[in-house]
Every structure is written in structure tokens, then in C-alpha cells.
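Here the structure comes first, spelled out in C-alpha cells, and everything after it is commentary.
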């Protein structure tokens, strides 16, 4: 099992550019999440998905979009990048059972917008 | 609304001494509580959780945490700290009345000194 994988590891964008952060998991998890981590701020939920074809906004969705066409993949799209989107982005997944609330995190993507 | 506080940005402890990393929370309903650890340049790793049952929960790497409903706390503890425990620790809460929104605290940096 590779677990949760994310690409790229690092990226520098210019203001106004767009990009897609990739996330994939091989654990057959229905629940997937995108977080951003800013220094001293903990993690903020951007978007989440409860299964293929179903997505919903989290706490800080503005400036982002997601799609979930398969169980495995949950890409995060940044349109018109802004310096405020400089952050470390983490994708996570978890299983369905009521007891399995623990999330499995990918290694993160460090994004700088200049 | 749900919230999590970790009152200490940094905790220093000598190797072999007991450690405590503090967490307090606020939810409207029954909380699901979690501790995660983050090593440099890595994603978060699950340590332990409280869903229901015994107030003292045991997790990975010898860590444990005590759920205290009256004090709305969920402090992380370990009887004897190791240098390798040095990392960033996050407390998280989920109120099942708030869907998929897991709220993370700002993190506490633990340094174990040899």
C-alpha cells in the first residue's frame, strides 16, 4: 500500500497562474479531504468528499475547486493563484466505518505564490 | 461552533521525564477527539482517538490521553519521553453534529532534550 500520495512536492506559481494539486489513495477510502497548513494556525479544511461524485466545501474554500470522479483520486484546482494561497497543502483520507475516524495524510505539497 | 485550543506553543522536557501536551476543546455535542504528530517535512500521523468508553485511551509509541468532560480537556501524555518524540503535535475535534468538519488546534512543538 502506498497510502495517500500527493504531487508535486513543491511548486512556485506566479500570481494569476493556475495549477492542480494531485492526490490519490489506494485504501479504497470513500472520505477524502484537502487541508491547508499555515504557520501557527493548524490545519484548515478546504474541501472534502464523501464518495465519488460528491464534494462539499469546508472552512476555507474560496479560490479552490475540487472534483471526485473516482474513489482513488481527489485533485485540488487553484484558479488565479494569489499570494494568500502560499501554504502547505495536505490531502487525507479515511475509511467508512463509524469507528474509523482517523485520517491518513499524504506528505504534502509546499506551494509558493509570488 | 467547534474549536480547539493548545495553550502552549512549545513544550520542553528532558529525556526520560514524563511529558504532557495540553488540549482543550469546545463543541456543542459529544466530541470525537484525536491526537496527531507531524515530523519535519512529513504529513500528520494518527496517534490516538477518543470516541466513547474509557476516559483514558492508549495509542501509538507509548502515548496516552485522558478525556475529561468536565474540564473539556484531552491532554496527551507519556510516562518517559524520548528524543525521537520531538515533533509537532496537533489536537483535533469533530462534533458529529457538524458533518465532516474536523477542527485542528494550532499545534504544540515538543522538544525532548537529551
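I'd like to know if the stretch B:72-79 contains one or more residues that are within 23 Å of residue A:90 (Cα to Cα) and more than 10 Å from the chain's Cα centre (by Cα). Within the stretch B:72-79, not a single residue is within 23 Å of residue A:90 (Cα to Cα) and more than 10 Å from the chain's Cα centre (by Cα). From the list A:70, A:55, the one residue that fits, being more than 15 Å from residue A:109 (Cβ to Cβ) and surrounded by fewer than 14 Cβ atoms within 10 Å (Cβ to Cβ), is A:70. Taken together, the residues in the stretch A:53-74 that are farther than 29 Å from residue B:91 by Cβ, in contact with a strand residue (DSSP E or B) (Cβ under 6 Å, 6 or more places away or on another chain) and outside any strand (DSSP E or B) amount to 1.
Number of residues in the stretch B:98-113 that are modelled with pLDDT under 95 and over 20 Å from residue B:5 (Cβ atoms): the value is 2. Screening residue B:35 with (1) within 11 Å of chain A (Cβ to nearest Cβ); (2) at pLDDT 95 or above; (3) touching a helix residue (DSSP H, G or I) at 6+ places or on another chain (Cβ under 7 Å) gives one miss only, at (3). When residue A:96 is tested against the conditions (1) in a loop (DSSP other than H, G, I, E, B); (2) facing chain B (nearest Cβ under 9 Å), the lone failure is (2).
Inspect all residues belonging to the stretch A:9-18 and state whether any of them is within 14 Å of chain B (Cβ to nearest Cβ), in contact with a strand residue (DSSP E or B) (Cβ under 6 Å, 6 or more places away or on another chain) and either part of a loop (DSSP other than H, G, I, E, B) or surrounded by 14 or more Cβ atoms within 10 Å (Cβ to Cβ) (or both). It would help to see each step written out before you state the result.
Of the residues in the stretch A:9-18, the ones within 14 Å of chain B (Cβ to nearest Cβ) are A:9-10.
Adding the requirement that they be in contact with a strand residue (DSSP E or B) (Cβ under 6 Å, 6 or more places away or on another chain) leaves A:10.
After this cut, where a residue has to be either part of a loop (DSSP other than H, G, I, E, B) or surrounded by 14 or more Cβ atoms within 10 Å (Cβ to Cβ) (or both) as well, the list is none.
Scanning the stretch A:9-18, I find no residue that is within 14 Å of chain B (Cβ to nearest Cβ), in contact with a strand residue (DSSP E or B) (Cβ under 6 Å, 6 or more places away or on another chain) and either part of a loop (DSSP other than H, G, I, E, B) or surrounded by 14 or more Cβ atoms within 10 Å (Cβ to Cβ) (or both), so the answer is no.
For the stretch A:99-114, the candidate set comprises residues that are more than 9 Å from every other protein chain (Cβ to nearest Cβ) and surrounded by fewer than 16 Cβ atoms within 10 Å (Cβ to Cβ); within that set, the residue that is modelled with the lowest pLDDT is A:100. Note on the stretch B:1-20: among residues that are more than 14 Å from every other protein chain (Cβ to nearest Cβ) and within 16 Å of residue B:107 (Cα to Cα), the one that is surrounded by the fewest Cβ atoms within 10 Å (Cβ to Cβ) is B:12. Considering each residue of the stretch A:19-38 in turn, at least one proves to be at pLDDT below 95 and within 14 Å of residue A:107 (Cα to Cα).
Would you be able to say whether some residue in the stretch B:56-71 is within 22 Å of residue B:114 (Cα to Cα) and within 14 Å of chain A (Cβ to nearest Cβ)? So far as the stretch B:56-71 goes, yes, one or more of its residues are within 22 Å of residue B:114 (Cα to Cα) and within 14 Å of chain A (Cβ to nearest Cβ). Contact map, the stretch B:76-90: first residue within 14 Å of chain A (Cβ to nearest Cβ) and within 17 Å of residue B:43 (Cβ to Cβ), second residue at pLDDT below 95 and not in a strand (DSSP E or B), Cβ cut-off under 7 Å, separation 6 or more or different chains; pairs are B:87/B:39; B:88/B:107; B:89/B:107; B:90/A:42; B:90/B:105; B:90/B:107.
The values are calculated or read from the model by the stated rules, or taken from the named source; none is laboratory data. Just so you know, these numbers come straight off a predicted model, no measurement behind them. With ideal geometry, Cβ positions are generated from the backbone for all residues, glycine too; neighbour counts draw on all protein chains shown.
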